[in-house]
Amino acid sequence: MARHWTLGCDAADPHALAAFWALALDYVAEPGYDDPDGASIVDPDGVGPAIGWLRVPEGKTAKNRLHIDIRVAGEGPWDLAERERLIRDLWPRLEAAGATYVREESYDGAFGHVVMLDPEGNEFCVA
């Protein structure tokens, strides 16, 4: 059996990032976690890992070395047209929540995924 784990992240505004990522991943605030300098979200079905943010004084200065890929169609194999539709449906919702579009990536001429930035400039992919 695999170990349970939490992805820990730094943030200028942990509660804002937790709210953004809860929307992006269909997660919820972790019940009972109440810290003005931290926030945590969990998978309401108890399957995915928790993600936590702690307030730090320094800002982001370089490309993140770890990032989240949102897999809108779950695990493959995929209906590629449906997967692209799901990506294109989620993308504007994420922008409305504070994300920034960076670029589309293609593979062998076919749509692959979208690269975006979260509200604090952390790169992530919608795939």
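The values are calculated or read from the model by the stated rules, or taken from the named source; none is laboratory data. Owing to the predicted nature of the structure, the values given are computational and were not obtained by experimental measurement. No Cβ is skipped: glycine too gets one built from the backbone with ideal geometry, and neighbour counts run over all protein chains shown.
Taking every residue in region 25-42 that is on the phi > 0 side of the Ramachandran plot and pairing it with any residue that is among the charged types (D, E, K, R) and at pLDDT 95 or above, at least 6 positions away or on another chain, the pairs with Cβ-Cβ distances below 9 Å are Asp26/Asp43. Considering only region 75-99, how many residues are loosely packed, with under 12 Cβ neighbours inside 10 Å and either within 22 Å of Gly48 (Cα to Cα) or in contact with a Pro (Cβ under 9 Å, 6 or more places away or on another chain) (or both)? Looking only at that region, the number is 4. The residue of region 36-81 that is modelled with the lowest pLDDT, among those that are outside any strand (DSSP E or B) and β-branched (Val, Ile, Thr), is Thr61.
Here Ser106 does not qualify as touching a Ser or Thr at 6+ places or on another chain (Cβ under 9 Å), among the polar types (S, T, N, Q) and outside any loop (DSSP other than H, G, I, E, B). Number of residues in region 24-73 that are of a type in the set (Phe, Trp, Tyr), surrounded by 15 or more Cβ atoms within 10 Å (Cβ to Cβ) and more than 12 Å from the chain's Cα centre (by Cα): the value is 1. When each of Ala24, Ala29, Ala50, Ala62 is tested for being over 17 Å from Met116 (Cβ atoms) and in contact with a helix residue (DSSP H, G or I) (Cβ under 8 Å, 6 or more places away or on another chain), the lone residue that passes is Ala29.
Restricted to region 100-113, and to residues there that are in contact with a strand residue (DSSP E or B) (Cβ under 8 Å, 6 or more places away or on another chain) and among the hydrophobic types (A, V, I, L, M, F, W, C), the residue that is surrounded by the fewest Cβ atoms within 10 Å (Cβ to Cβ) is Val102. Considering each residue of region 114-127 in turn, none proves to be exposed (fewer than 11 other Cβ atoms within 10 Å of the Cβ) and not in a helix (DSSP H, G or I).
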